[in-house]
1. What tally of residues in the range 93-117 results from selecting those that are in contact with a helix residue (DSSP H, G or I) (Cβ under 9 Å, 6 or more places away or on another chain) and either closer than 30 Å to Ala240 by Cβ or of a type outside the set (A, V, I, L, M, F, W, C) (or both)?
2. I need every pair where a residue in the range 120-135 that is within 19 Å of Asn14 (Cβ to Cβ) and assigned by the TED database to the domain that holds Ser251 has its Cβ under 9 Å from the Cβ of a residue that is in a strand (DSSP E or B) and among the charged types (D, E, K, R), sequence separation at least 6 or different chains.
3. Which pairs do you get when a residue that is farther than 19 Å from Ala172 by Cα, found in the range 203-227, comes within reach of a residue that is among the hydrophobic types (A, V, I, L, M, F, W, C) and open to solvent by 10 Å² or more (accessible area, probe 1.4 Å), reach meaning Cβ atoms under 9 angstrom, with the pair 6+ apart or on two chains?
4. Of everything in the range 283-327 that's among the polar types (S, T, N, Q) and part of a loop (DSSP other than H, G, I, E, B), which residue is surrounded by the fewest Cβ atoms within 10 Å (Cβ to Cβ)?
5. Looking only at residues in the range 135-155 that are surrounded by fewer than 23 Cβ atoms within 10 Å (Cβ to Cβ) and closer than 14 Å to Gly166 by Cα, which one is farthest from the chain's Cα centre (by Cα)?
6. Does Glu364 count as open to solvent by 30 Å² or more (accessible area, probe 1.4 Å) and assigned by the TED database to the domain that holds Lys182?
7. Looking only at residues in the range 22-45 that are assigned to a strand (DSSP E or B) and without any contact (Cβ under 8 Å) to a residue 24 or more places away in the chain, which one is farthest from Val11 (Cα to Cα)?
8. Those residues that are polar (S, T, N, Q) and either under 16 Å from Ala157 (Cα atoms) or open to solvent by 40 Å² or more (accessible area, probe 1.4 Å) (or both), I need them from the range 77-134; list them, please.
Amino acid sequence: MSNTDVGPSAVARNVHKNDENPFILDVRNEEDYEEWHIQGSTNLPIYDELLNHDFSTLEEQLEDLPEDEEIVVVCVGGITSTRAASFLRDHGFDATSIDDGMDGWGRVHQAYEIEAADGVVQIVRPGTGCISYLVHDDDEAVVVDPSQYLDRYLSAADDRDLEIVGVADTHAHADHISGARKLAGELDVPYYLHEEDSGALEFVTEVADGETIPVGGRELGVHHTPGHTPGSVSYEYGDALLSGDTLFLRSVGRPDLEDGSEDAIRTAASRLFESLDRLTDLPDDTVVLPGHFNDEDVRPLATELDELLDATTNELLSYVEDDDEASFVETIVESLSDEPANYNEIKQINWGEEQPSGNAEELELGPNNCAAN
């Protein structure tokens, strides 16, 4: 890291603090920026120029840059942004570059204690929109939906003097490589997954609707909530619901990543409707803890169920509340966006059909597109 570099974690800590928010200048090409970028950043597409040490366009834009704010420059891997930051510093700006660029941004993990849910730590990846959890009681913990960066969970447990006694996935993920199997293997603890999502995996402790997973003196209750995938589950822990990709704060999980034909999507959407109908029977003050988030969502992400039933918060869930399955299915079919990048290869890895290759980290970088709309 050069003297003009800043760690991506340090930037992530300030992105949602209005009084400390830096001016983030993204110098990547416009199409790359439009596909995936840091919330609130400004795009100046001079990546190719910077590769050739051409600073002419940047120099022309100097008067449009803030002179009294910190400027944080980001590119793909941190090389051209370092050049831009050095140029800006030479011209009197307080400028730094994000170390490893958007690649580094995608690896950031932030841990939050959930005050409304006793015994739950939420671990957020701001660069990918993914969320995982450390659920604990006494001195034991179960990790739910971990990424492939296992050290983040080992550190979170060590910081709290917790022993990880189990690892669970809410479903077979399509947007990121799960670290659950590897973490469970390294710690010699059970790996929990519903049988309908286990694919060719071995050494899986299968969970079913109504079963429980022990955590200290408490239990994670299993709700089978198919729709996003056939084996999707949601975990109930006290007053909290770890809803995976079944229920988000502003949407629900998309049902087209197993089979993209319209008939299959409609069938899966109907199953998802039934699953959500079951979840809405939980107490209104149940704290919903989703598996993904949107950029505009405030961290930590925890919202009571009755608030989500408000149509202005989650339109798709309001159809469930109104018992309007037809409108729910039609809205989903009509509003599906692009699939997550590399999702077929990622699914094969998470099903145990393929082994991760040397580009495992790169496979999951990019926008999160697991929501139905």
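1. So the first thing to find is which residues in the range 93-117 are in contact with a helix residue (DSSP H, G or I) (Cβ under 9 Å, 6 or more places away or on another chain), and the list is 93-111.
In the following step, the residues that additionally are either closer than 30 Å to Ala240 by Cβ or of a type outside the set (A, V, I, L, M, F, W, C) (or both) were identified as 94, 96-97, 99-101, 103-111.
Residues meeting the conditions: 15.
2. Qualifying pairs under 9 Å: Gln122/Glu113.
3. Every condition considered, the pairs that remain are Pro214/Val165; Val215/Val165; Gly216/Val165.
4. The initial filter retains those residues of the range 283-327 that are among the polar types (S, T, N, Q), namely 286, 294, 303, 312-314, 318, 327.
Now drop any that are not part of a loop (DSSP other than H, G, I, E, B), which leaves 286, 294, 312-314.
Values: Thr286: 22, Asn294: 15, Thr312: 7, Thr313: 13, Asn314: 23.
Only one residue fits best here, namely Thr312.
5. Filtering first and then ranking leaves Asp139.
6. On the way: open to solvent by 30 Å² or more (accessible area, probe 1.4 Å): no; assigned by the TED database to the domain that holds Lys182: yes.
The answer is no for Glu364.
7. Here is the first cut: in the range 22-45, the ones assigned to a strand (DSSP E or B) are 23-26, 42-43.
Cutting the leftovers down to without any contact (Cβ under 8 Å) to a residue 24 or more places away in the chain gives us 42-43.
Working: Thr42: 15, Asn43: 17 Å.
That would be Asn43.
8. In the first step, residues of the range 77-134 are kept if they are polar (S, T, N, Q); the result is 80-82, 86, 96-97, 110, 122, 128, 132.
Ser86, Gln110, Gln122, Ser132, listed by residue number.
The values are calculated or read from the model by the stated rules, or taken from the named source; none is laboratory data. In this text the structure is predicted, and so the values were computed from the model without any measurement. Cβ coordinates were reconstructed from backbone atoms using ideal geometry, including for glycine residues, and neighbour counts include every protein chain displayed. Heavy atoms of the whole protein, side chains included, go into the accessibility calculation; ligands, DNA and RNA do not. Shrake-Rupley method; radii C 1.70, N 1.55, O 1.52, S 1.80 Å.
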